[in-house]
Amino acid sequence: MRYLNIVYFFCLISTLSCAPKNFDEPDNLIKKSEMINIITDLYISQQGIQMFPAEGNEDQSTLLAKDAVDVMKKHDINFHQFSESYKYYSLQPELLRDMLDQVKKNLEEKLSKEEKERIKNQKNIK
């Protein structure tokens, strides 16, 4: 459930930031559904790097940055477009919370049957 901490961390930062009440939609806004897919892919790919760090000369932060660039290329966007879109959605905490909840659902759907069963059993114990 480490990914939940990361997702909620982004949500907390966004909620606590001083956001103006009036905000304009950026010209190159990424659609909500596509943004959910991008954040899901970013989490999955970066979680793999953190779990299985590469041996060699590159440090982990460099690998994470390269991986983020690869995910953005996959979705045919650039960092500026992602950043502006994320900022826009962050200024709307309820919308961002809904998006992050969907990211969580996407990640849970990708779990193996064994992992889903383990999580279910943990919830039943509590």
*Which pairs have Cβ atoms under 7 Å, sit 6 or more apart or on different chains, and link a residue in the stretch 66-94 that is touching a residue at least 60 places away in the same chain (Cβ under 8 Å) to one that is β-branched (Val, Ile, Thr) and part of a helix (DSSP H, G or I)?*
PRO93/THR15
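Let's see how each residue does on (1) aromatic (Phe, Trp, Tyr); (2) closer than 15 Å to ILE38 by Cα; (3) open to solvent by 100 Å² or more (accessible area, probe 1.4 Å):
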site	(1), (2), (3)
LYS87	no, yes, yes
LEU91	no, no, no
LEU95	no, no, no
GLU109	no, no, yes
GLU114	no, no, yes
GLU117	no, no, no
GLN122	no, no, no
*If you check CYS11, CYS18, which single one turns out to be at pLDDT below 80 and out of contact with any Pro (no Cβ under 8 Å at 6 or more places or on another chain)?*
CYS18
*asked:* Of everything in the stretch 97-107, what is open to solvent by less than 50 Å² (accessible area, probe 1.4 Å) and at pLDDT 90 or above? Give them in sequence order.
replied: MET99, LEU100, VAL103, ASN106
*asked:* So if I check each of ILE44, ILE6, ILE36, which one is under 30 Å from LYS123 (Cβ atoms), surrounded by 14 or more Cβ atoms within 10 Å (Cβ to Cβ) and modelled with pLDDT of 95 or more?
replied: ILE36
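The values are calculated or read from the model by the stated rules, or taken from the named source; none is laboratory data. Treat the numbers as computed from the prediction; the structure is a model and nothing was measured. A quick note on method: Cβ atoms are made from the backbone with ideal geometry, for glycine too, and the neighbour counts reach across all protein chains shown. Just the protein is used for accessible areas: all its heavy atoms, side chains included, with ligands, DNA and RNA removed. Shrake-Rupley method; radii C 1.70, N 1.55, O 1.52, S 1.80 Å.
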